[in-house]
Structures are given as structure tokens and as C-alpha cells.
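Please read the structure below before turning to the comments.
The values are calculated or read from the model by the stated rules, or taken from the named source; none is laboratory data. On a predicted model such as this, the values are computed, not experimentally measured, just so you know. Please note that ligands, DNA and RNA were not included when accessible areas were found on the heavy atoms of the full protein model with its side chains. Shrake-Rupley method; radii C 1.70, N 1.55, O 1.52, S 1.80 Å.
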Amino acid sequence: MKKDSFEVGLSVFSLILSFVLFIPMVNLYLNSTDYQLQSSYFFVWLSGKTMAIFYISTILLLLRKEKCQNMLKPFSYVGKMALTNYIGQTISTAVIFSILFKNTAIIPLWVSVLYCPLFYIIQIKFSKWWLSKHSTGPLEWVWRYATYFKKDYKLGKSN
């Protein structure tokens, strides 16, 4: 029981600390037109660490409950094909944005708020479909084949 309260406390503390460190960053961005502020790097660096602790501890707490495990299951499909999804997302986004925008530097940040969740849902659906037919993603297969040099390594569905 003490372990649970420690993890909950760590999660809450890291979230509070992240928000406290986030306030100066928001203030700097609202009062400046420059996105590359040297004065905000410390806050970005430190709040990133505390937010990572929050995410890890929260996910660990959620995974203790069976209902939450079922809710988080779709993320496992994307995780099993992480390399394929990462490379696919990078190439797809570069192609889509270069077609839609002549100058990608002018893309407003709100576009990513719409684009990223939509694209992630597509990745989840594609990964689930692919893994229903194969044991691993295509680029993961290439990686393993190149690592182990086994000609008999198959892309097919494992038992």
C-alpha cells in the first residue's frame, strides 16, 4: 500500500512541478514573437523531465487496472511497429505538408493539434490490421533480417 501512495505522490508532484515550470515558458512565448528564446531553454529542459516522470508513473498506475489495460491496448499495436510507424509518419507528413503548403514554415501550430491525433488514429488502425496478418512490422522485419542474417526469418503471422 505504501508503494501505491508513493507512486501516486510522485505522479502528482511531477505534474504540479511541470505546470509550475510551464508558466514561465507560456509567459515568455506570449510576450515574444521569437520561438527560439534562450531564456526558456532551462524551463523546457526541466519541465520535460518532470513531465516524463508524470507520464511514466501515471501509465504504471493505470496499467494496474484491467479496465485501463483494455483501454490502452490500441497503443500496443503502434508500439510493436514503432520503427515502421515512425518512418511512415515522417515521410507521410513531409509529403502531405509539402503538397498542402508551399512554405511549411508558416504552418500554424493549431494544424498539428488537428493533424497529429487524426494521423495517430490511422496508425493505430493500420498497425492493428497489419499485425493481424503478420508477426512484425515491415521495417522491423528488415531490421531483424539485417541484424541476424537469417534467410528463414518470415514476415508471416507467428503462432
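Any of K125/K150; K73/K133; K49/K102; K80/K102; K65/K133; K65/K128 with alpha carbons more than 27 Å apart? Name them for me. Listed pairs above 27 Å: K125/K150; K49/K102; K80/K102; K65/K133. Would you work out if segment 66-132 is rounded, prolate or oblate? Take a ≥ b ≥ c from the square roots of the eigenvalues of the alpha-carbon gyration tensor; rounded if a/c is under 1.5, else prolate when a/b is larger than b/c, oblate otherwise. Note, shape of segment 66-132 comes out prolate.
Full extension of the chain between Q89 and L46 gives 12.7 nm of extra length, using 0.36 nm per residue less the Cα-Cα distance. For the pair V12 and K125, the difference between a 0.36 nm per residue extended length and the Cα-Cα distance amounts to 37.4 nm. Normalised per residue, the accessible area of segment 47-159 is 75 Å², obtained with a 1.4 Å probe and no contribution from ligands, DNA or RNA.
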